[in-house]
1. Using the Cα centre as the reference, give the magnitude of the dipole from point charges on the C-beta atoms of region A:41-202 (Lys, Arg: +1; Asp, Glu: -1; all else neutral), rounded to the nearest 20 debye.
2. Give the angle, between 0 and 90 degrees and rounded to the nearest 10, that separates the Cα long axis of helix B:2-22 from the longest principal axis of the Cα atoms of chain B.
3. Among B:V769, B:N656, A:T166, which residue has its Cα furthest toward the positive end of the charge dipole of the protein assembly as shown, with +1 on Lys/Arg Cβ and -1 on Asp/Glu Cβ?
4. Could you line up B:W378, B:W758 from fewest to most neighbouring Cβ atoms inside 10 Å?
5. Which whole number in µm²/s is D for region B:683-803 by Stokes-Einstein, with the Kirkwood Rh taken over Cα pairs at 25 °C and 0.890 mPa s?
6. Tally Lys and Arg at +1 and Asp and Glu at -1 over the other residues with C-beta under 14 Å from the C-beta of B:N600: what net charge comes out?
7. For chain A, modelled as a Gaussian network with Cα springs under 10 Å, which listed residue fluctuates most, A:E74, A:E110, A:E33?
8. I want the local charge near A:F120. Using Cβ-Cβ distances under 13 Å, sum +1 for each Lys or Arg and -1 for each Asp or Glu among the other residues.
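Derivation of every value follows stated rules applied to the coordinates shown; laboratory data play no part. It should be emphasised that the depicted structure is a prediction, and the values quoted were computed from it without experimental measurement. For neighbour counting, all protein chains shown are included, and Cβ atoms are generated from backbone atoms with ideal geometry for every residue, glycine included.
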Amino acid sequence: MSMLNSAKKYGLYTLLLGGALLASCDTEDPEPENEVEVFTDVTLIFTNNADASDVVRASAQDPDGTGVQELVIEDEITLTAGATYTLTFEILNALDADDVEDLGDEILEEDNEHQFFFQFTDGAFSNPAGNGNFDDASEGVNYNDQDENDHNVGLSTEWTAGDAQTGSSFRVRLQHQPDVKTGSTGVNDGDTDFDLDFVLNIQ
Amino acid sequence: MKISVSIAIALSLTVCLTSPGMAMYFPTDSCEYEIKGQILDVETEQPIPFATLLVEGTQKGVAADDQGAFVLDHLCEKEYNLIFSSVGYKTVKHHHDWHHGKIKIYLTPSVSTLESVVVEGEEVVGGLASVSLETMDRADLATKTTQSLASAISDISGVTLISTGTNVQLPVIHGLYGNRILIINNGVKHGFQNWGIDHAPEIDLTSANRIRVLKGAAGVQYGPEGLGGAVVVEGDPLLLSKKLYGNVATGYQSNGQGYHAQGQFGRGYEKFSYHVGAKHIRVGDRHAPNYMLTNSGMNELSANVGLRYHLPGWDFKVYYSYVQQELGLLRSSVAESGPLFIRSLAAEEPLFVREFSYQINEPKQTTTHHLANATVDWYTEVGKLSLLLSQQINHRDEFDVRRNANLPIIDLDLFTTQTLLTWDHTAFHGLEGRIGFQFFYQDNNNNPGTGTTPYIPNYNTYRGSAFVIESLQKNNTTYELGLRVDYEFNSVRGRELNQDLFRNTYDFTNVTGSLGMVHDFSQQLQLRVNVGSAWRAPNMAELYSFGQHRFKTQFGLWRYYADEEGRLRTDRVLTEEDGTSEYERGYKWINELALNKDGNQLTLTAYANLIDNFIFDRPIAVIGTIRGPMPVFIFDQTDALFLGTDLTYTREWNPNWESTLGVSYLWSQNLSKNEPLINQPPINTQAEVAWNMPAFFSLDRSKLTVQGVYTFQQFQAPRTIPPTQLISGEVVVTTDSEIFDFKDAPEGYFLGNVRWEWQRGALGGQLEVRNVFNTAYRDYLNQMRYFADDPGRNFLFSIQYKF
């Protein structure tokens, strides 16, 4: 240890010699950044159109964002057969527990660059029928919202649950399509902001 | 560590004790200076027999011999104005200092509009003769003005380039690249964001008068990190007593519809000289044979100025250069999510192809680089003392395709201060050499407002160094010895993902050395042998990189670890206490045999480079994220061995025809795991035929060069595991698993190039076709090989007026 110290001491002498020529040698801390790109928590919120108190929430979480911790799908989606729901989202960045950020507003601001796409077990819903718009972007989902160019966004969509079933699938993908989005762009255009596959039950 | 400190003290004592004593060994009779040189024809490069040399203002003079060589001895002064002349040639005046070595005088025929020129030899410095060295002078560089530094030197055997697309190119020497190659710009280490393979040095080729590529352990003289070698860029020599000289040039290239303009001029007076240069180049989207390479354009502006003031025995020089770059990166190389990466890998054609445009959108890099140097040279009886002060400011912004694309994802300011004090002592018992002290300081700061956790932290690096290189000539053999001590201290400040601050300080002390020999078997046959060590501290990106940038999610050595099951973990920042990330230490042994006989020039180089704790970047996993599965890369460390050989054979069939054949072969291995490394240069062969065409039409001369290059597939590439197999769980990979890549190494390819240069008086030009056959190919060392082909056929035209 003392050897190390003496080496450091002599080293520092050398540095001081040269250091005299420097205007400043301060070490600054980097400013904390607001992570604007990372999603850690996505929650699907199905609200029954006939009864605003009937709310079904299903969440997915990747608590360390870019870190290697695996994504966890926390809930299954359980809807009532025949009921009509409006699906909205809560999209958060909770990397910093003291400063949780809601990214839904940002997507709304840039809605001409974003679109939500859906894929589900064929016939899970009576409306929309089919299996969603992954395979064909132009049909199969009831969008409630459009951007300034009148293209679908999907921050709000409408769903009428079909017959009772368990273990079906409901997949939602948010695509970021800067300079790409048109009326006909699909699930593979642009880049993926999130892509989540939930288990869907209807009872 | 104690030993190294003692050596440092011993070194400084040597300087203090020997300098007064040494004066005794210098000539007491002051009329013992001499000037040696050779007088040549500028066009044919043949000697001019019996040309004359006159010392201005005296009756003293001498005639050259039949080989154009002359020796003027018994001179009492150290500096003279010399006048060289010969019948039929333009007379040239040259200011000569005794400390400059052998000079070469190129006389221009009287009928030509060009001026005669003088080239000063190397200053008397020993210690690097045994290192394999290649030099490119202004004439070589003039045919490459629109190329990058790396591309320009990549014709040298054993040198290739690694790139991230068309605009970001780094030199590779014997399989090593990045910050294992020292880039020395006008005497100092180029201070730039030298990490990863997506940052190229901001150096404008036209600012260089000469580029020297050292392929051995050059670290003793130039500083740590030169494990692979060094690229030394020298500016205009600022000669005194020189008429106004310079050139203006412009050109166009078809691929990318690029254009450039450049100009430079200089003048040397009796005591003062200057040189000024500037260049602008703009290129739009390049195209591969089958599609557009969208967003591959670039825009670069550069300027430089050098001043010299001379007093007897003293030289004062100031140099400033500015480079501003905006570099586009292939749009299709961005994959924010795994599914897109997978589709990009599988796609025949890039996923994002648009019409041609000059527009540079995200992803892109913008940089500005300032370099300011001040040098004082003092020529004394005991040799040359030189003090160099240098300051560089590098500002870099990088933009990714993302929701906040207008914000840079990387925004860094890097300040580099260097002080270099050297003493080139005159011969002492036959020993010639240089003793030097160097101080290096670097301050890197993240500018706030990127909206993302800093990819690399703020840091300050302080380094103090002392070195000595000496050479001794005995008969036909020169022996060389070099020794260097470095102490480096680092202070790091960064942010974790949750914006918690982390801090660390650590230091390194190192001794490196080199031992060399040059033996002349005969006038024609020469052998160089050099064994050298070098070291390099892991750079900040290798230690601390964290996060996603373009298509990669990357973790530095101190940002990940493997748990008991070998699974990757990234939940804490490591330190040196965790025992990972030793500094790299390299040992390079290089042998070069050069034969020059009857118009045959053969150079055979064989080398072995052992690197302990070699740090490299490799794919490791595909992990599930909210965006879908993402490819993950880590920095890893191992002991590695590089064995290779380069062969160049040039044959001058007659004064007008010349052919060259070159082969470079490198074998490399991860010794700890007994498996291949990744991103190593494949075997490369090239053949060239040049024809100096006789004068026709009104052209004074012209030259046609035809070149064929075959690059083999990399047979030593790691195994391939497509990301889909990792996602499906078909293949499970841990940190201990054998190395893999996401895509096969591309197939071998042949490229044809043709160049025609012409000269008519002061006017010259060239017409060049690169990739004549419009071959669709991917280069293993281009990171874009995952996404797109390299550029297709390119016609380049340029015209130059020289005065």
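1. With Lys and Arg at +1 and Asp and Glu at -1, about 900 debye.
2. That works out to roughly 10 degrees.
3. Positive-most Cα among the choices belongs to B:N656.
4. B:W378, B:W758
5. Answer from the Stokes-Einstein relation: 137 µm²/s.
6. Here the count lands on -1.
7. A:E33
8. With Lys, Arg at +1 and Asp, Glu at -1, the net is -1.
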